[in-house]
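Note sheet for the following structure.
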DNA sequence: TTAAATTATACCCATAAAGGTATATATTAT
DNA sequence: ATAATATATACCTTTATGGGTATAATTTAA
């Protein structure tokens, strides 16, 4: 087993959005063009990821990775 | 020469903040613990980067990478 | 409870990121 | 204009990501 942080903001974001869209990991993998394994590691909070791969997935949900002040980040995460 | 996008949000962010802090690339490299070459590629808009390395630099400026709606992103970039 | 579907873990491989360093170009100050 | 500082480009090496696949384990549905 790994001890990644499934609760990190990116992992949570993708899991939540995918479920809201009623998609499986396989489908998300197909739609975004990233490998299935990547989707899984992403959702499980793997710490080291390539930014363009992450963006490839986030773009599907209309988002991208951007620098955000820590305070905003924590605020953002307060809303569950 | 490479044809990366120096104007991408992350590259611009780091360049601007570093200059505002009156630091050289070497100093930023030392302070953040990432390699000098990484700082350079980061500021020049290399598209494929490891998220944790990027965060290692962003953290120095009190920021982190987070998923952000495209609309917010463009809005954010309107403020130069 | 069982079967089907979804998600998680474990392996190998190719590719490229990141580090280091050395040289060239550009910017700044004298 | 010249020297000093800072930034950019180019090389090689190590390392680990991401892909693929095959097998567990877990969740969901019948």
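Here, each number is a calculation from the coordinates, and none is a lab measurement. Because the structure is predicted, anything quoted here is derived from the model rather than measured. Cβ atoms come from the backbone with ideal geometry, glycine included; neighbour counts cover every protein chain shown.
Restricting attention to region B:51-72, the residues that are in contact with a helix residue (DSSP H, G or I) (Cβ under 7 Å, 6 or more places away or on another chain) and over 14 Å from residue A:72 (Cα atoms) total 6.
Any residue in region A:10-21 that is within 11 Å of DNA strand D (Cβ to nearest atom), at positive phi and out of contact with any strand residue (DSSP E or B) (no Cβ under 7 Å at 6 or more places or on another chain)? Scanning region A:10-21 turns up no residue that is within 11 Å of DNA strand D (Cβ to nearest atom), at positive phi and out of contact with any strand residue (DSSP E or B) (no Cβ under 7 Å at 6 or more places or on another chain). Scanning region B:55-80 for residues that are touching a residue at least 12 places away in the same chain (Cβ under 8 Å), touching a strand residue (DSSP E or B) at 6+ places or on another chain (Cβ under 6 Å) and crowded, with 19+ Cβ neighbours inside 10 Å yields a total of 3.
Quick check, is residue A:49 surrounded by 14 or more Cβ atoms within 10 Å (Cβ to Cβ) and over 9 Å from the mean Cα position of the chain (by Cα)? Talk me through it step by step, then tell me what you get.
On the way: surrounded by 14 or more Cβ atoms within 10 Å (Cβ to Cβ): yes; over 9 Å from the mean Cα position of the chain (by Cα): yes.
The answer is yes for residue A:49.
I'm checking my understanding of the structure. Among residues of region A:41-62 that are more than 23 Å from residue B:45 (Cβ to Cβ), more than 8 Å from DNA strand D (Cβ to nearest atom) and not in a helix (DSSP H, G or I), which one is farthest from the other protein chains (Cβ to nearest Cβ)? So the residue we want is A:44.
Scoring residue A:38 on the criteria (1) assigned to a helix (DSSP H, G or I); (2) farther than 23 Å from residue B:56 by Cα; (3) more than 12 Å from every other protein chain (Cβ to nearest Cβ) leaves a single failure, condition (2).
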